[in-house]
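Here the structure comes first, spelled out in structure tokens, and everything after it is commentary.
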Amino acid sequence: MRRSSAQGVLYGQTVANVAGIANSDLECMDILYLEGRVTAGRLAEVTGLTTGAITGVVDRLEEAGLVRRERDEHDRRKVFISVVPETGAKIGELYVPMQQAMEKVFSTYSDEELRLLLRFANEGYKGVLAATAALKGLLDTPPEKRPALKLKKHPRQT
């Protein structure tokens, strides 16, 4: 899992390099794909970046023609960020080799096995969300007062 995760990060870095943008900017763009049109505040919340850092990300992505700022029709003070579909699709094309490789892998599994893998991926995602929230909780705790992080041995559930 760690190797696959690390390789996914390296693949994303390669996509960012080919696209001519920073890897962190690409990750923010990916979140925009997943979340849809969002405010800078929401993007900051999801990424854990400051709103100032998000402004820089959006500025760079907008300059590259990958995202646009859109004013809310009902509240002109509110600004949404959305992916520009045409240029965003060009970034998506860089994931075709990854998609083809994974489709080849998935084709070797039965429907039942794929359902198990999907369940594992969804539950694993929830676990990573919970772990991230727990770790972020340490940010407000002075280092000398942080609890020791030790792995507990749990009997395997069957």
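A few comments on the model shown:
- Formal net charge of residues neighbouring PHE120 (Cβ-Cβ distance under 12 Å; K, R +1; D, E -1): +1
- Which label in (i) 32, 20, 14; (ii) 28, 18, 14; (iii) 31, 26, 15 gives the computed semi-axes √(5λ) of the Cα gyration tensor in Å: (iii)
- Computed on the chain, with alpha-carbon pairs under 8 angstrom and 6+ residues apart, the relative contact order is 15 percent.
- Among the trypsin sites (Lys or Arg not before Pro) found in region 78-156, those both in a DSSP coil and sparsely packed, with 14 or fewer other Cβ atoms within 10 Å of their Cβ, are LYS78, LYS150, LYS152, LYS153, ARG156.
- The solvent-accessible area of ARG146, taken with every protein chain present and a 1.4 Å probe, is close to 100 Å².
- Local electrostatic count at VAL15 - Lys and Arg +1, Asp and Glu -1, tallied over other residues with Cβ under 13 Å: -3
- At the residue level, ASP30 shows approximately 70 square angstrom of accessible surface with a 1.4 angstrom probe and all protein chains present.
The values are calculated or read from the model by the stated rules, or taken from the named source; none is laboratory data. What you are looking at is a predicted structure, and each value in this text was computed from that prediction instead of being measured. As a convention, Cβ positions derive from the backbone with ideal geometry for all residues, glycine included, and neighbour counts pool all protein chains shown. All accessible areas refer to the heavy atoms of the entire protein, side chains included, with ligands and DNA or RNA removed. Shrake-Rupley method; radii C 1.70, N 1.55, O 1.52, S 1.80 Å.
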